[in-house]
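Student: Structure provided below as structure tokens; questions to follow.
The values are calculated or read from the model by the stated rules, or taken from the named source; none is laboratory data. Given the structure is predicted, the values throughout are model-derived calculations rather than measurements. Note that each Cβ is placed from the backbone with ideal geometry, even for glycine, and that neighbours are counted across all protein chains shown.
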Amino acid sequence: MRAYTERIREAAKRLLTEKRVDVVIGFRKGTIPLVNEPFLVKDPKDADQLYWDGNCGVNLANYLAKRTDRVAVVAKGCDTRNIVVHLLEFQIKREQLYILGAPCHGMLDRRKIAGELKGKEPTFAEESDGTVKISGREFEVTLDRKEFLQENCSICIHRNPVLYDELVGELVEEQQNVDRYVDIREIEALLPADRWQYFSKLVEPCIRCYACRNACPACYCPTCFVDESRPQWVGKSLDKTDTLTFHFLRAYHLGGRCTDCGSCERACPVGIKVRKFTKKLEKDIRELYGYETGLSVDERPPLDTYRPGDPEAFIK
Ligand code: SF4
Ligand code: SF4
Ligand code: SF4
């Protein structure tokens, strides 16, 4: 991870000094262990604050929509796929971007780690050779990092950047024979009433803070449908129907656009597994149209194109 950090810092200094970009978007260490924060560098002198480890789970494509300056961005596999979505949706131009591709080893799940620490407060964390060493007052543990990855990362099959100008690390071996939809098939197998119950229960703790939406690079509409007041499509209270409407509609808006980057789930303050909605759409789009989001700038997503042979059972 140290090697990534050094290469990111070196690239940032070079790109800013040579005035090839106006800003570099990466991460710096957060104020608490296991949480890094997005960091925008405009002055090469600040580049040494840039940092990389398994706590860079925020999807930095979220900072790109509608920018007009020249940007270098550090991007994991999923981030680059969301950049492809932005390019396909004309949110930014390729010539504005310099992509520092970061082949990804998976991001850490700080909630899983907190569970393992059983209330003990970490004050320091460091990764090396597949382990995470965490210490605090009167304790120190060494964890096997692959046991503490975010759930989406443990089933990720596109860890390498799909689009980049330079790499900040060696390409990684992609995971093979991953069954991404075990949980979704279980939900599909439920009777309709039980499925309704399942989703109603899933979102019961939702406080409608919209952190999931705000963390999502694909949610960039200037006015989200939940904030619209003329007409008001969805009520703004914690009414159950309104809450479910928000989640279902948001999932539909993400059909063929979600990369399962996990930013939404990571951002939810009450730990709702919001990817259960978007993964179902991902599975359907893959099965119906053979399409995976953001793998190519040359293929338009199925929901904005038409082919005579497209499945149409849903309109019969
Ligand atoms: S989803 Fe894949 S590319 Fe994205 S952070 Fe997880 S392992 Fe890395
Ligand atoms: S819905 Fe969640 S997993 Fe999908 S692209 Fe948005 S933040 Fe990433
Ligand atoms: S982040 Fe969590 S609590 Fe907030 S709106 Fe999304 S699901 Fe609800």
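Student: Mind checking which residues of segment 88-114 are farther than 20 Å from Val141 by Cβ, under 17 Å from the mean Cα position of the chain (by Cα) and not in a strand (DSSP E or B)?
Tutor: Across segment 88-114, the qualifying residues are Ala102, Pro103, Cys104.
Student: Follow-up question, since we're still on this one. Considering each residue of segment 186-217, count those that are within 16 Å of ligand 2 (Cβ to nearest atom) and surrounded by fewer than 13 Cβ atoms within 10 Å (Cβ to Cβ), and give that number. Working first, answer last.
Tutor: First pass over segment 186-217, keeping only residues within 16 Å of ligand 2 (Cβ to nearest atom): 199, 202-203, 206, 209-217.
Retained after the next criterion (residues that are surrounded by fewer than 13 Cβ atoms within 10 Å (Cβ to Cβ)): 209.
Selection size over segment 186-217: 1.
Student: Taking Ala65 and the conditions (1) under 24 Å from Thr123 (Cβ atoms); (2) surrounded by fewer than 20 Cβ atoms within 10 Å (Cβ to Cβ); (3) within 16 Å of ligand 2 (Cβ to nearest atom), which numbered condition does it fall short on, given that it satisfies the others?
Tutor: Result: Ala65 passes all but (1).
Student: Are any residues in segment 115-154 within 27 Å of Val178 (Cβ to Cβ), in a loop (DSSP other than H, G, I, E, B) and without any contact (Cβ under 8 Å) to a residue 60 or more places away in the chain, and if so, which ones?
Tutor: Scanning segment 115-154 gives Asp129, Gly130.
Student: If Ala3 satisfies all but one of (1) surrounded by fewer than 17 Cβ atoms within 10 Å (Cβ to Cβ); (2) in contact (Cβ under 8 Å) with a residue 40 or more places away in the chain; (3) assigned to a loop (DSSP other than H, G, I, E, B), what's the number of the condition it fails?
Tutor: Only one criterion in (1) surrounded by fewer than 17 Cβ atoms within 10 Å (Cβ to Cβ); (2) in contact (Cβ under 8 Å) with a residue 40 or more places away in the chain; (3) assigned to a loop (DSSP other than H, G, I, E, B) is unmet by Ala3, namely (3).
Student: Additional query: In segment 53-87, how many are outside any loop (DSSP other than H, G, I, E, B) and near ligand 1 (Cβ under 10 Å from one of its atoms)?
Tutor: Residues in segment 53-87 being outside any loop (DSSP other than H, G, I, E, B) and near ligand 1 (Cβ under 10 Å from one of its atoms): 7 in total.
Student: Moving to a separate point now. I'd like to know if segment 219-240 contains one or more residues that are under 19 Å from Arg81 (Cβ atoms), away from ligand 3 (no atom under 14 Å from the Cβ) and not in a helix (DSSP H, G or I). Quick ask: steps written out before the conclusion?
Tutor: First, the residues of segment 219-240 that are under 19 Å from Arg81 (Cβ atoms): 219-220.
Restricting the remaining residues to those that are away from ligand 3 (no atom under 14 Å from the Cβ) gives 220.
In the following step, the residues that additionally are not in a helix (DSSP H, G or I) were identified as 220.
Yes, segment 219-240 contains at least one residue that is under 19 Å from Arg81 (Cβ atoms), away from ligand 3 (no atom under 14 Å from the Cβ) and not in a helix (DSSP H, G or I).
Student: Could you identify the single residue in Glu188, Glu170 that is under 22 Å from the mean Cα position of the chain (by Cα), more than 16 Å from ligand 3 (Cβ to nearest atom) and not aromatic (Phe, Trp, Tyr)? Steps first, answer last, please.
Tutor: On the way: Glu188 fails: under 22 Å from the mean Cα position of the chain (by Cα).
So the residue among Glu188, Glu170 that is under 22 Å from the mean Cα position of the chain (by Cα), more than 16 Å from ligand 3 (Cβ to nearest atom) and not aromatic (Phe, Trp, Tyr) is Glu170.
Conditions (1) in contact (Cβ under 8 Å) with a residue 40 or more places away in the chain; (2) small (Gly, Ala, Ser), marked per residue:
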| site | (1), (2) |
| --- | --- |
| Arg14 | no, no |
| Gly26 | yes, yes |
| Pro38 | no, no |
| Lys45 | no, no |
| Trp52 | yes, no |
| Asn55 | yes, no |
| Leu64 | yes, no |
| Asp69 | yes, no |
| His86 | yes, no |
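Student: Here are some conditions: (1) within 20 Å of Cys268 (Cβ to Cβ); (2) out of contact with any Leu (no Cβ under 7 Å at 6 or more places or on another chain); (3) among the small types (Gly, Ala, Ser). Ser200 meets all but one. Which one does it not meet?
Tutor: With respect to (1) within 20 Å of Cys268 (Cβ to Cβ); (2) out of contact with any Leu (no Cβ under 7 Å at 6 or more places or on another chain); (3) among the small types (Gly, Ala, Ser), Ser200 is out only on (2).
Student: Same structure, new question: Given the criterion within 29 Å of Asp304 (Cα to Cα), out of contact with any Gly (no Cβ under 6 Å at 6 or more places or on another chain) and among the acidic types (Asp, Glu), identify the matching residue among Asp227, Asp194. Working first, answer last.
Tutor: Values: Asp194 fails: within 29 Å of Asp304 (Cα to Cα).
So the residue among Asp227, Asp194 that is within 29 Å of Asp304 (Cα to Cα), out of contact with any Gly (no Cβ under 6 Å at 6 or more places or on another chain) and among the acidic types (Asp, Glu) is Asp227.
Student: Can you tell me which of Asn59, Asn82 is under 23 Å from Leu16 (Cα atoms), touching a residue at least 60 places away in the same chain (Cβ under 8 Å) and within 16 Å of ligand 2 (Cβ to nearest atom)? It would help to see each step written out before you state the result.
Tutor: On the way: Asn82 fails: under 23 Å from Leu16 (Cα atoms).
None of the others qualify; the one that does is Asn59.
Student: In addition: For segment 249-281, enumerate the residues that are free of Cβ contacts under 8 Å to residues at least 40 places away in the same chain and either within 12 Å of ligand 3 (Cβ to nearest atom) or in a helix (DSSP H, G or I) (or both). Can you show your working first?
Tutor: Narrowing segment 249-281 to residues free of Cβ contacts under 8 Å to residues at least 40 places away in the same chain: 249-254, 278, 281.
Those that are free of Cβ contacts under 8 Å to residues at least 40 places away in the same chain and either within 12 Å of ligand 3 (Cβ to nearest atom) or in a helix (DSSP H, G or I) (or both): Leu249, Arg250, Ala251, Tyr252, His253, Thr278, Leu281.
Student: Look at Val141 and say whether it is of a type in the set (A, V, I, L, M, F, W, C) and surrounded by 19 or more Cβ atoms within 10 Å (Cβ to Cβ). First the steps, then the outcome.
Tutor: Values: of a type in the set (A, V, I, L, M, F, W, C): yes; surrounded by 19 or more Cβ atoms within 10 Å (Cβ to Cβ): no.
In short, no.
Student: So Glu228 fits all but one of (1) farther than 26 Å from Ile25 by Cα; (2) charged (D, E, K, R); (3) touching a Lys or Arg at 6+ places or on another chain (Cβ under 9 Å); (4) surrounded by fewer than 17 Cβ atoms within 10 Å (Cβ to Cβ); what number is the exception?
Tutor: Here Glu228 meets the rest and fails (3).
Student: Among the candidates Asp284, Asp260, Asp298, which residue alone is modelled with pLDDT of 90 or more, within 15 Å of ligand 2 (Cβ to nearest atom), under 19 Å from His158 (Cβ atoms) and more than 19 Å from the chain's Cα centre (by Cα)? It would help to see each step written out before you state the result.
Tutor: Working: Asp260 fails: more than 19 Å from the chain's Cα centre (by Cα); Asp298 fails: within 15 Å of ligand 2 (Cβ to nearest atom).
Only one candidate passes the filter, namely Asp284.
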